[in-house]
Amino acid sequence: MDPSAAAAAADDDDDYHATTGGMEPRGEEDNGASTRGVTGRLLAWRGEEEDDDDAEDSGGGSGAGANADEDDAASAVSLDTISNDSILLPPEPTSANLASLLRARKLILVVDLDHTLINSTRFAHLSDDEKANGFTERTGDDRSRGLFRMGLFRMITKLRPFVHEFLREASAMFEMHVYTLGNRNYATAVAKLLDPDGAYFGERIISSGESSQPDRKSLGDVFGWAPEMERAAVVILDDTAEVWKGYRDNLIEMERYLYFASSRGKFGIAARSLAERNRDESEREGALAVALRVLRRVHGEFFSGSVCSGSFADVREVIRQARREVLRGCTVAFTGVIPSGDGGRASDHPVWRKAEQLGATCADDVGEGVTHVVAGKPVTGKALWAQTHGKFLVDTEWINAAHFRWSKPEERMYPVKGEH
């Protein structure tokens, strides 16, 4: 591919993300029935039988009614105490790679590139403030800052802070695959920046040329097919949930890394870019550090749970439980956020569903049990009620922050703006 065509294809990927953007997920799909079947098959690999009564009681996961002490005990089991012989080969020969990975105490991680691990911009799209800060067509590599000149594509690529530590630690727990809707040359070049020795990804790179759909991603494109066995052991890391239709329960949605002004503009963000402000994400508290903590938990609970006791046999259940704990104990009412009178149910609105997925209880109206009022403006009746009754009054970004940070944010950081 000639340089101009390659650059255009890379730009097409960026434009694609902009058109599919929007951080509100459309809700997870219920894979409860299929998950329960996977649980039985994974336990069968160990020569065990699934207890139908226990499976029904747990609902496919621990849920709110599970014993927290038992969960903590299961997750605390040292992986060093698990014998490789306790993980038997699956009966299906097509799952040989997965069986080998499980014996090595590894799962599978599928990662996106643009806005997840890196951010790229064309030379021609640099803003005046970015140029004033030294970002130009003549900018050379600066490895200490994670900046690389991609001359073939007439682009600058910025690696997300903590990415090298993230990849190194994640590779000990997961077999990693790249899946991007950018073109092959661009994907290979970026992967080379992230993994110059091929130690993390090797040849496991899926680009737009290998993707079966131009605007969707599928685990079938990663494995050649998408059996439940593999799905039970796959975690996906991507900033765009919409492309993973049918696989949302495997997904850890990443907060987008928008270092350059052109990327922020395509997502409708007016604030100055990190490059314009000569700032960057925190390494130790940024998005990849958060993701690594979640991956450690998923990996640890999958093996200490599913391998040792059978309480977890599916990463999707581990992810669901971890997500439900984020806002557990919070009862949330909404005002000025969910449109009324349009015939739709409030419980179908994305922000309501997101709060429930995070473990919050959502209320139709305010009352003594409500702990938080999420408001679009501070002068509605419910917002005033929250202020007079000593309840937390927060902006909708409080929910989004909880979704991306996997922890309950400090309420004072998310005040409701507007005229009082």
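The values are calculated or read from the model by the stated rules, or taken from the named source; none is laboratory data. In this text the structure is predicted, and so the values were computed from the model without any measurement. Neighbour counts are summed over all protein chains in view; Cβ atoms, including those assigned to glycine, are modelled from backbone coordinates with ideal geometry. Just the protein is used for accessible areas: all its heavy atoms, side chains included, with ligands, DNA and RNA removed. Shrake-Rupley method; radii C 1.70, N 1.55, O 1.52, S 1.80 Å.
How big is the accessible area of Val351 in square angstrom, nearest 10, if you roll a 1.4 angstrom probe over the protein chains? Probe radius 1.4 Å; accessible area of Val351 about 10 Å².
Take the Cβ-Cβ distance between Lys131 and Asp348 as r, set R0 to 60 Å, and report the resulting FRET efficiency rounded to the nearest 0.05. In this case the efficiency is close to 0.85. Ordered by 1.4 Å accessible area with all protein chains kept, Thr371, Thr361 run largest first as Thr361, Thr371.
Applying 1/(1 + (r/R0)^6) with R0 = 45 Å to the Cβ-Cβ distance of Arg412 and Glu210 gives a FRET efficiency near 0.45.
Extension gain, Ala289-Ile269: 0.36 nm per intervening residue step, less the Cα-Cα distance, totals 4.8 nm. Available extension along the chain between Asp364 and Glu397 is 9.9 nm, counting 0.36 nm per residue and deducting the alpha carbon span. Using the alpha-carbon positions of the range 95-319, Rg (one decimal) and Dmax (whole number) come out as 18.0, 59 Å. Note on surface exposure: Trp398, Trp385 rank Trp385, Trp398 by accessible area, highest first, 1.4 Å probe. To the nearest 10, the accessible area of Phe334 is 20 Å² with a 1.4 Å probe.
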